[in-house]
Every structure is written in C-alpha cells, then in structure tokens.
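Notes follow the structure.
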Amino acid sequence: MKISDKVRRISRGITEASVIMATPTNKGILIRLGFPPTLIEEAKETDIIIAVRAQDQDSLNLAIQKANEMLESPEKISSGDEKKSKLTDLDSALNAMPDANLVLISIPGEHVKDISLKLIDRGIHQQIFSDHVSIEDELEIKERAVKNGVLILGPGAGTSIINGKGIGFSNAVKEGPVGIVAAAGTGLQEVITLLDQCGIGVKHGLGVGGSDTKEKIGGLMMLECIKLLEKDPDISVIGIVSKPPSPSIQEKIIKHISQQGKKKYVLAFIGGRQMQDNRTGGRIIQVGSLASAVLAFAKQAGNDQFLKATAKTSVSQEDLMRAMEKEWTKLSDGQKYIRALYTGGTFTYEAQVILSEILPGLIYSNAPILNVKEMASSLTSEANSVVDLGEEEFTQGRAHPMIDPTIRKLRIIEEAKDPEVAVLLMDFVLGYGSHPDPVGAALREIREAKDLAERGGRYLSVISHVCGATGDTQGYESSISKLQSVGAVVLPTNAIAATGAALVALRGKGNIEKIYSQYLTLGGEF
Amino acid sequence: MAEGKKLFNVELKVINVGLDIFYDALQMQNVKAVDINWRPTPKLEKEIEDILDKLL
C-alpha cells in the first residue's frame, strides 16, 4: 500500500499505480480497475504485480523503475526526502527538538493516551488525528490539558491551521482576520477554501474533533480555543463550524460567547437553524450550512466582502434550475436515484441534511443522521444513498479515500451499471495530505460510467464539487476544467451540489425554496 | 492554571508521530518539523508480565 502510494505520487502523469501481492482478491480489484485480465491472471499467488496506468510513456517508465527500486531496497520506500529523521521514539524527538510547541499524532488510538499525557506534562500542545481513542481517555487527556494550559486538537482532528500554516489535511489559504474552531474536518476545509476564494484569509482553524461537543467532554477544548482566539489581536471574526453539539453544550457555548465574547461570531451548526442574535446587536450570526457560513463570515467582514462572496460562492435558484434542467431532460424514465460517493465526512453529513429535507424518508446512508435510514450494507447502494467512503469499513487496511481513490473508482462504475441511477454526486478534496490529483485519478471512471449508461440507452448525470484553494498544488481551476471536460457539472459548494443533484433526480420538482432560505443564502434579516 | 508552551504568534516547531504525509505537508510549507518513525511497543505476554512483577 505504501509503495503504491509513493509510486502514484512520483509524477502527475501517473493516474493509477498498484504494487500488490497477486492474491485472488487483489487480482480481482485490478481487473475491476480495468487492467487486462489475461495478463493479471498469469500472475501466481507468490508474485508481486506492478500495475501502472499513466498519461505518457515517460511517467509509465519512471513509475515502473521506482517501484522496482523500492521493492529491491525497502529502505527507499521512505527515502526521496533526505531531510527525513530516523528518530524512533518520542524522547529522542524531544531531544532533537527541545523547543517543539506542537506534536501531530496519527498512530493507533489505543497508544495515544500514554504519549499525550507525557506531552501535556511538558506543556506541549497536540493535534491528534487518531480515531478510536475512547471517550474516557479523551476526557482524561483534555481535563489534564486544561489544568496545564495545553491545547488538545482532536482526537479525530484531521485538519487545523495554526499561524496560517496547515496541519494535517489542509489547504494553502491566505492568512487573515478569521479564526475558526471546528468539530468537522472537511467542514473546516470547505469554509477556509471558500473564504480564500472570496479574498478573506484565515489565521487559525482549530479542529477539536467530533466528540468534544458531546455531553461527556462538555466542549472543553472548544471553549479553550474560543478563549485563545478572543485573545489574539489579529482575529476580528471567530467562527464555530460543527455538526450540532448536544443541546446543553450548544447552550453553554452560546452563553459563553454572548456574555464574555467581544468579537464578531459566526456559528455554523450544520443542519441547525439560521438566526441572528439581536440581543448582541448582530454580533453573533447563526447558520445551518457550510455554504451559508461563508456568506455570514463575509457579512461580518463588511458589505463589499458579502457581495463578493455572494457572487463567488452562490448560484441563484433560477440559474441552478436552468443548469440542472439541461441534465434532467437527458434522463430516461426509469432513472430516479441519487448515489452520493463522498470522501469527506462533513460533506456526507451536509448532503444528508439537504437531501433528507427535499426527499424526506427516502435517503439511506452508511453514516446516517437523524431522519436518514441506515444502509443494509455499505458496499451496496439502495434507492438514494449517501455513502461516506471514509468510514471505518472502507479504511481498514488501506488509506483514507482522500489519499487513495481506488475504492471510489470501483464504486463509480458499479453505480453506473444500475439503470435506476440518475445522478452521481461527488466531492473532490484538494490540499496538503490529499491525493496529488484526486480529480485526474477518477476521470477515466467518470468517462466510463457515462459511456456505460449511454450504451444502456441512458444518460448519467455527474454533479460534483471541488473543495480547494487556488494555492493548492493539485490545481483548483484545472481540477474543475478536468471534471467539465468529461461532462461533469461542477458547483461552487457542497450544499449547492447536493441541492442540484436532488433537482436532477426529481426533474426540478423538489421544493427547494426552504433549502435556499435555510442553507444556501443569508436571510433578508441580515 | 499552568501555562503551556507558546503556540500562537511564534514559530511553529512540530514533532510528527505517525503518517509521513503529514510530515511532508509541513515540509512543503517550510514549517520546522521532525518525524518519528513510530512503532508500537511490543506487548509482554500476561504470564511473563506476572513473573516479572513478582521478580522486580
């Protein structure tokens, strides 16, 4: 898996690379990926297969050469970066960098507490990406951290920005007056990249992990982060981006910022209500989606920024209807379902919020929110399915789909074979830590999916959203152009993309007035 | 309350424990970082652990 990943990253021209044992399962995957079955079947179980697809001969040759080199000398797997340390334990790392002020932890959850407590005692802040840290361990870590004045971002925090630098999965965004506390990784990425496109910079984006706002943890770190952002003189607008906290925690947070906060606030509780707190003279705006959060940040920054953000990140109801009409008029009668294949957890969540309002009781997911039915199996979609490919069942023994696109590529083709599917809905997340070209890696499958439908006398609509900043190495504009070149529709936000997908499947009949007022715009009162 | 190390408005100095893609991302941004090639500590068999407990 590691060699495959390294080979894929050697050149942009390499669109697929698998360096794997020729087990029956792996051979099956390669054949499903479109490699020639006769050649694949020739391999014996003790063989290693190097399967590469590239855009040009040079990239192909380079990939095969590097794969062979890494297989011959395993130490080269992590070479190619001479600056890389050979440290093997925390103590030697602390000796090598005695003034370290942050430790980024992404090891199996059961090992996190020991390392974390040791670091807290030395006053070192941490971002913990690891999942499967028990809630009891999280509470112990965070309570001790608060006593020691240490910040714990996570567990389960993949994304942060500190002093304008991205930590974990993050994006190359401008630094500016916004500070965000987030309990939603790709949610934070969506907001910071859209703000960047509107010319609004972010200095800090602090991910606290999904469990922080649960009753048991009590929003401990969210409150600590808010206090820190209040103290930073460069921050003028503070945001909270999160799935809805438990009610008592939400009340505690709002009470804290109403009574003790001095700065302007945007509270984005995804799926929550949109409102402005008049008691604080408009200092606090509360919204229910990532898309409306961006408009609210812009509003707090000033009228010019609000107009710019509206132009940049919104699509009017009429324009969306017209664009989607071009899609639904090509569908055949039996095509009625949406299949959403997501790599981002927060995108999965936001799409469910929107789709379950338009299609109440008709949405299934492997990570269902309230009012959404649980899929019988994550591997097989049913009716309208919103699949989070980053869930545990897909990531055991392989990299997250934001890094390794293989699982989604296979799923694109499988969904296209279902004659009842009208639209595929997908996110593409760019930035640090993500695949070097997530769009390029899926283009062949999108084209194939559309061809497959066409051969069956159907049209398959592909609605997508690219979460990225213009500074990201994967290329934001070029990612959009690539998707458009294979006939995919690209919409500016995930919330608009989900709404668009529903319109296509329902041939424009969905009641989207409420979606627009609640999730895609800022109401007239603002 | 005790004070942790200063984090905001000072240079970031990061130790990465785990996924090397995150270390690579820090390098790309010229953030000072060291990487630990972390491996789990092997667990002692319960029986051996009990004997050691008695001996030590």
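The values are calculated or read from the model by the stated rules, or taken from the named source; none is laboratory data. Source: prediction; values computed, not measured. So basically every Cβ, Gly included, is an ideal-geometry build from the backbone, and we count neighbours across all protein chains shown.
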- Output for the range A:401-424, where each listed residue is outside any loop (DSSP other than H, G, I, E, B), touching a Lys or Arg at 6+ places or on another chain (Cβ under 7 Å) and closer than 30 Å to B:Phe22 by Cα: A:Leu410
- Query: From the residues in the range A:164-179 that are more than 10 Å from chain B (Cβ to nearest Cβ) and surrounded by 24 or more Cβ atoms within 10 Å (Cβ to Cβ), which one is nearest to A:Glu224 (Cα to Cα)?
  - Reply: A:Val178
- Of (1) part of a loop (DSSP other than H, G, I, E, B); (2) more than 8 Å from chain B (Cβ to nearest Cβ); (3) closer than 27 Å to A:Asp472 by Cα, A:Ala100 fails just (2)
- Test A:Glu391 against the criterion of being more than 30 Å from A:Gly334 (Cα to Cα) and without any contact (Cβ under 8 Å) to a residue 60 or more places away in the chain, and give yes or no. yes
- Item | First in the range A:4-25 and within 12 Å of A:Asp437 (Cβ to Cβ), second anywhere and at pLDDT below 80 and in a loop (DSSP other than H, G, I, E, B), Cβ under 8 Å, 6 or more apart | A:Glu16/A:Leu33
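Each row is one residue, and each column tells you yes or no for (1) of a type outside the set (Lys, Arg); (2) within 26 Å of the chain's Cα centre (by Cα); (3) at pLDDT 90 or above.
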| position | (1), (2), (3) |
| --- | --- |
| A:Ala63 | yes, no, yes |
| A:Glu75 | yes, no, no |
| A:Glu82 | yes, no, no |
| A:Pro108 | yes, yes, no |
| A:His111 | yes, yes, yes |
| A:Ile120 | yes, no, yes |
| A:Gly123 | yes, no, yes |
| A:His132 | yes, yes, no |
- Query: Counting just the residues of the range A:503-514 that are under 26 Å from the mean Cα position of the chain (by Cα) and modelled with pLDDT under 95, which one comes out surrounded by the most Cβ atoms within 10 Å (Cβ to Cβ)?
  - Reply: A:Ile512
- Task: Please verify whether the range A:245-255 includes one or more residues that are small (Gly, Ala, Ser), within 23 Å of the chain's Cα centre (by Cα) and at pLDDT 95 or above.
- Result: no
- Message: Given the options A:Leu341, A:Leu359, name the one that is out of contact with any Cys (no Cβ under 6 Å at 6 or more places or on another chain), touching a residue at least 60 places away in the same chain (Cβ under 8 Å) and buried (at least 22 other Cβ atoms within 10 Å of the Cβ).
- Response: A:Leu341
- Query: Within the range A:293-338, which residues are among the basic types (Lys, Arg) and within 23 Å of the chain's Cα centre (by Cα)?
  - Reply: A:Lys312
- Matching residues in the range A:146-163 - criterion: being within 22 Å of the chain's Cα centre (by Cα) and either surrounded by 24 or more Cβ atoms within 10 Å (Cβ to Cβ) or within 11 Å of another protein chain (Cβ to nearest Cβ) (or both): A:Ile152, A:Leu153, A:Gly154, A:Pro155, A:Ala157, A:Gly158, A:Thr159, A:Ser160, A:Ile161, A:Ile162, A:Asn163
- Message: Show the residue pairs meeting these rules: Cβ distance below 6 Å; 6+ apart or different chains; first residue within the range B:15-41 and farther than 12 Å from A:Asp89 by Cβ and more than 7 Å from chain A (Cβ to nearest Cβ); second residue crowded, with 22+ Cβ neighbours inside 10 Å and charged (D, E, K, R).
- Response: B:Tyr23/B:Asp35
- Output the residue which, of all residues in the range A:465-484 that are over 19 Å from A:Leu195 (Cα atoms) and touching a residue at least 40 places away in the same chain (Cβ under 8 Å), is surrounded by the most Cβ atoms within 10 Å (Cβ to Cβ). A:Leu483
- Message: Please verify whether A:Lys450 is free of Cβ contacts under 8 Å to residues at least 40 places away in the same chain, surrounded by fewer than 24 Cβ atoms within 10 Å (Cβ to Cβ) and farther than 23 Å from A:Gln55 by Cα, treating the condition exactly as stated.
- Response: no
